[in-house]
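Everything below concerns the one structure shown next.
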Amino acid sequence: MAEPTSTEARPTRAYVIHPDLGHARTQRRAPDHALAEAVALAHALPGIEIVGAEVARLRSPDPGRLFGKGKLAEIGARLAEAEAELVLIDGPVSPVQQRNLEKDWDVKLLDRTGLILEIFADRARTREGVLQVELAALSYQRTRLVRAWTHLERQRGGLGFVGGPGETQIEADRRAIDEQMTRLRRQLERVVKTRTLHRAARAKVPYPIVALVGYTNAGKSTLFNRLTGAEVLAKDMLFATLDPTMRAIRLPAAGGGAGGRKIILSDTVGFISDLPTELVAAFRATLEEVLEADLILHVRDISHPETEEQAEDVAAILDSLGVDEDVASIEVWNKIDALSAETRAALRRTGARTDGVQSVSALSGEGLEDLVAAIDAHLARALDEPREAAVVTLPFGDGRRRAWLHEAGVVEREESGEAGLVLHLRWTARQKAGFEALDRPEA
């Protein structure tokens, strides 16, 4: 057996720093909580071992090195002692600052945008998601060519079709990136055209879509697994879910038992504050089901000390994505198992008095019956339309459309006729349109 390489033998030793501007800070979050989130982000990247973390307080950022001389030397000593190989800065770092800090500390360095890009690149699975992340990474890289090419005076010759004599290496690299970005955009245009096919396919499904959204690590995947019996990756890790997952489930009927409303439940990527602008398109690509949802479940980690700030971030992102304000929503206050019995009881009482709020523990199952009832009630208000009687005759061999009608729960009785099966229905205009869409071609 071959000996493992050095990268396989041990993870990269990483040190996390959250720069805090003190009284000049514009962020709403406490520095210690911001640092904890940055460390959690770092843990989400494979092959990383956190060897230290700190809040570095600054009066004002130094344009060349971010930190002043004293702080620079102080952190440098801790990095050397911890034998750190990678420094993760929880905030923006300019290309010049990155180059200088890497030289001074003799480490590799990633800022917050670079770190999130790395995580997305590692987690993306769908074709569109992969292309969007590649495009975002090139956009980010294009602004940081100074890091790789410090000798801007270096000239390269060449023929006219490669830029002509006198072009600097950085200009050649930048044009190569622009050409690659153009190719990726063309590929994306072809991939995005399939969205219309996805929408057409959805129109043929007679069930409403319920989308789980929330701040990353709020417990969406655990709740999804509880409600569906699926086994989606659910870890105490930021961005454990990146690509969306959908499952069909049937809600319990009124009074319990089977035969209730059938829905499509969708699990989505977790939201996060200060999402890099380069990643907005990639992020949006993973949230197609949210834009199409009939009901949104906003899952909150109610035990988190900054749950209100996280909720504001989620609301801001939903607004930026163009989610219709009229779409029904329920706030799901999750992780009540992490609270005291008194606090749990108070939250349950608050939820009972407040329409659109449900307190649950996806881990223990507490409150899930009430949540399911609330989902059904919201969908009834939002979607239930007047039902009209109809009679449809299907050929005896048309099992696909017959199955569709029974799955939709619109068949009142069925009998054999001379021309085929005669089905007596009671359905809504939405269900009728979905049935008629079965006859339309996919493209």
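No value in this document is a laboratory result; all are computed from the given coordinates. Computed from a predicted structure; not experimentally measured. Here the Cβ is made from the backbone with ideal geometry for all residues, glycine too, and neighbour counts use every protein chain on show.
What number do you get for region 11-118 when its Cα radius of gyration is normalised by 2.2 N^0.38 Å, N = residues?
For region 11-118, the normalised Cα radius of gyration comes out at 0.98.
Please report Y140, Y207 as a ranked list, fewest other C-beta atoms within 10 angstrom at the top and most at the bottom.
Going from sparsest to densest Cβ surroundings: Y140, Y207.
Given H placed on each backbone N at 1.01 Å, which residues far from D20 in sequence or on other chains put an amide H within less than 5 Å of it?
The list, which skips near neighbours in sequence, is A56, R57, L58.
What order do you get for H378, H18 when you list them from fewest to most C-beta neighbours inside 10 Å?
Numbers: H378 21, H18 24.
Fewest-to-most ranking of H378, H18: H378, H18.
Sequence-distant or interchain residues sharing an amide H contact under 5 Å with I50, placed H: which?
Hits under the 5 Å cutoff: A14.
Jot down the radius of gyration and Dmax of region 360-400, Cα atoms only, both in angstrom.
18.4, 48
Ignoring solvent entirely, what values of log10 I(q)/I(0) come out of the Debye formula for region 388-437 at 0.13, 0.24 Å⁻¹ when each Cα is a single scatterer?
-0.25, -0.88
Quick one: which residues, 5+ away or cross-chain, put their amide H under 5 Å from the amide H of A44? H built at 1.01 Å from N.
HN-HN under 5 Å from A44: L238.
In nm, give the distance between the simple-model label positions of V96 and A80, each being 7 Å from the Cα along the Cα-to-Cβ direction.
So the two model labels end up 2.7 nm from each other.
Please compute the length gained on full extension between R183 and S364, using 0.36 nm multiplied by the number of residues separating them and subtracting their Cα-Cα distance.
Value of the extension gain: 60.3 nm.
Using 0.36 nm times the number of residues separating E415 and D122, minus their current alpha carbon distance, what extension gain do you get? Write down the numbers at each step before the final one.
On the way: separation 293, 0.36 × 293 = 105.48 nm, distance 5.45 nm.
Extending this stretch completely gives an extra 100.0 nm.
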